[in-house]
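Visitor: I have a structure I would like to understand better, so I am pasting it below and will then ask my questions one at a time.
The values are calculated or read from the model by the stated rules, or taken from the named source; none is laboratory data. These numbers were taken from a predicted model, which means no experiment stands behind them. Every residue, glycine as well, gets a Cβ built from its backbone with ideal geometry; the counts of neighbours run over all protein chains shown. SASA here: full protein model, heavy atoms, side chains in, ligands and nucleic acids out. Shrake-Rupley method; radii C 1.70, N 1.55, O 1.52, S 1.80 Å.
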Amino acid sequence: MTDTSPGPSSRDRTIRSVDDLAELDFDKGDGLVTVVVQDDTTGSVLMVAFADRAALTLTLDSGEAHFWSRSREALWRKGETSGNTLAVSSLRADCDGDTVLALVKPAGPTCHTGTTSCFGNETALDFRGADGRDTDVLDTLDRTLLARAAERPEGSYTTRLLEDANLRLKKLGEESAELVAALATGDRERAVEETADLFYHMLVALRAEGIGLDAVRDTLRSRSR
């Protein structure tokens, strides 16, 4: 009789509870497993770290990414000093059980250098699909605005908008009017450009109120049901 039962590579490898940690091979890495951290929205790989059983237990219990620092020989929570935490959407083991894929929603830049990813894609624009196009440029913009809101770099136009309610609301009105004018005259190229400008100013205005793109997405999803 042919054995049709699922093997290790085909069964569900999602880690939902502490009991599922028994599936991991901590012995192979001297008590550690490798954790690949990926942005749940854009698909960009943000960082690679290590975790022991205790770190993964804390991750499951808190919903925020915890790791084991080999240099400090200590547990640490990502963002405990910078505030750039990683909210974990899911954990999944690989077929060998020695690597974990963590899908996360980052609250700001992941790398200690201030970039979105530890692999140098500062704005995540380098992450592209098979067709060569950006996976989601609005996510990139939203992440950039989140960083600008936290850092407030001097001389930045975004910083000026974030700090001046009258200016950002005025620009929002102007860009809306310019888009309407472009559509009224049938100027397709200008309409696209004005839409891009409007998206930027809308996201800045929302970010000034502490609102991100995900909140808009959630509302649109609720309306599509």
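Visitor: Suppose we keep just the DSSP beta bridges with both residues in the chain; what percent of those would be antiparallel, to 5?
Guide: Antiparallel bridges make up about 75 percent of those DSSP assigns within the chain.
Visitor: Further question: Once both axes come from the Cα atoms, what is the angle between helix 188-208 and the longest principal axis of the chain, in degrees from 0 to 90, rounded to 10?
Guide: Approximately 60 degrees, to the nearest 10.
Visitor: Identify all lysines with a Cα-Cα distance to residue 78 below 25 Å; exclude those on the same chain that are fewer than 8 residues away in sequence.
Guide: 28, 105
Visitor: 5 Å is the cut-off here: which amide hydrogens, built 1.01 Å from N in the peptide plane, fall below it relative to residue 15, excluding neighbours closer than 5 in sequence?
Guide: Correct list: 91, 92, 93.
Visitor: What is the sum of charges around residue 27, taking Lys and Arg as +1, Asp and Glu as -1, for the other residues whose C-beta is under 15 Å from the C-beta of residue 27?
Guide: Result for the local shell: -4.
Visitor: Can you tell me which of 167-174, 36-43, 180-187 comes out highest on packing, and rank the rest after it, using the mean Cβ neighbours within 10 Å?
Guide: Per-residue Cβ counts within 10 Å, averaged per peptide and sorted highest first, yield 36-43, 167-174, 180-187.
Visitor: Along the charge dipole of the chain, pointing to its positive end and built from +1/-1 on Cβ of Lys, Arg, Asp and Glu, which listed residue (117, 157, 54) has its Cα farthest out?
Guide: My answer, from the dipole projection, is 157.
Visitor: At 222 nm, what helix-only mean residue ellipticity would the chain give, in deg cm²/dmol to the nearest 500, using -39500 (n - 2.57) for each DSSP H run of four or more?
Guide: -12000 deg cm²/dmol
Visitor: Which distance in nm do the two modelled labels at residue 152 and residue 54 give, with both placed 7 Å along the Cα-to-Cβ direction?
Guide: 3.8
Visitor: Then there's this: Just to verify a number: what accessible area does residue 193 come out at with the full protein assembly present, 1.4 Å probe, Å² rounded to tens?
Guide: Number for this one is 100 Å².
Visitor: Cα centroid distance between the stretch 137-168 and the stretch 13-37, in Å?
Guide: Measuring centre to centre over Cα atoms gives 39 Å.
Visitor: Taking the Cα atoms only, what angle lies between the long axis of helix 213-223 and the longest principal axis of the chain, rounded to 10 degrees?
Guide: Helix 213-223 and the main axis of the chain meet at about 90 degrees.
Visitor: Of the labelled options (1) 31, 19, 18; (2) 36, 22, 17; (3) 40, 22, 15, which one gives semi-axes √(5λ) of the Cα gyration tensor in Å as computed for this structure?
Guide: Here semi-axes √(5λ) of the Cα gyration tensor in Å agrees with entry (3).
Visitor: Could you provide, to the nearest whole Å², the per residue accessible area of the chain with probe 1.4 Å?
Guide: Result: 59 Å² per residue.
Visitor: A further question follows. Please list, in order along the stretch 35-41, the HN-Hα scalar couplings obtained from phi with the Karplus expression 6.51 cos²θ - 1.76 cosθ + 1.60 (θ = phi - 60°), rounded to whole Hz, x for Gly and Pro.
Guide: Karplus values, whole Hz, x for Gly and Pro: 10, 9, 9, 10, 5, 5, 8.
Visitor: Can you check what the net charge comes to around residue 160, using other residues whose Cβ is under 13 Å from the Cβ of residue 160 (Lys, Arg +1; Asp, Glu -1)?
Guide: Computed value for this residue: +2.
Visitor: I've got another one for you. Counting only other residues whose beta carbon sits under 13 Å from that of residue 80, what net charge do I get with K and R as +1, D and E as -1?
Guide: +2
Visitor: Right, next: Against the longest alpha carbon principal axis of the chain, how many degrees, from 0 to 90 and to the nearest 10, is the axis of helix 53-62 turned?
Guide: 40
Visitor: Given points 7 Å out from each Cα along the Cα-Cβ axis, report the residue 30 to residue 223 separation in nanometres with one decimal.
Guide: Each label point lies 7 Å from its Cα, and together they span 5.5 nm.
Visitor: Return, in residue-number order, each cysteine of the chain whose C-beta is not under 4.7 Å from any other cysteine's C-beta.
Guide: For the chain, the answer is 95, because their Cβ atoms have no other cysteine Cβ under 4.7 Å.
Visitor: Taking square-rooted eigenvalues a ≥ b ≥ c of the alpha carbon gyration tensor, is the stretch 166-225 rounded, prolate or oblate, where a/c under 1.5 means rounded and, failing that, a/b exceeding b/c means prolate?
Guide: Oblate.
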